[in-house]
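Student: One structure is given below, represented as structure tokens, and several questions about it will come after.
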Amino acid sequence: MKKCTLILLVLLMLPRITSAQEVKHAKAPKSDIVTISGKLSHDGMVVLRKNQDALFVRNADILRGYEGQEITLKCRLHAQDQTIDVLSVKSQGTANYVANVGDSAFRR
């Protein structure tokens, strides 16, 4: 009698166990982290690449102050709708000058 009850209990629980294993979560489309160089539009919403591709910026508030400049972006690219999420910004137009106190310009 105990064996029959145990077998009946196992048979009743078996469909629930197998259905729990079949549940799969839908994953979001994968986006790649890339480095992009280009010119930022004057409104700060579009980056024009060298090959004239236009990428729309989702978080344009990060790019405030770089409007109209050549920039390099580290961003997450969403290829299906040609948009980017900016992670970091670097301006290409600035040159770094280094002065050494031992240079001839500082001698008297």
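The numbers here are math on the coordinates, done by the rules we state, and not lab data. Keep in mind that this is a model prediction, so the values were computed, not measured. Neighbour counts are summed over all protein chains in view; Cβ atoms, including those assigned to glycine, are modelled from backbone coordinates with ideal geometry.
Student: Scan the range 71-89 for residues that are assigned to a strand (DSSP E or B) and not charged (D, E, K, R) and jot them down.
Tutor: I71, T72, L73, C75, L77, H78, T83, I84, V86, L87, S88, V89
Student: Going through the range 47-70 one residue at a time, which ones are of a type in the set (F, W, Y) and either in contact with a Cys (Cβ under 6 Å, 6 or more places away or on another chain) or part of a loop (DSSP other than H, G, I, E, B) (or both)? Break it down into steps so the answer makes sense when it comes.
Tutor: Our first condition is that a residue be of a type in the set (F, W, Y); within the range 47-70, this holds for 56, 66.
Result: Y66, single match.
This table checks each residue for (1) farther than 14 Å from L40 by Cα; (2) loosely packed, with under 10 Cβ neighbours inside 10 Å; (3) in contact (Cβ under 8 Å) with a residue 12 or more places away in the chain.
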position	(1), (2), (3)
D53	no, no, yes
R58	no, no, yes
Q80	yes, yes, yes
V98	yes, yes, no
V101	yes, yes, no
R107	yes, yes, no
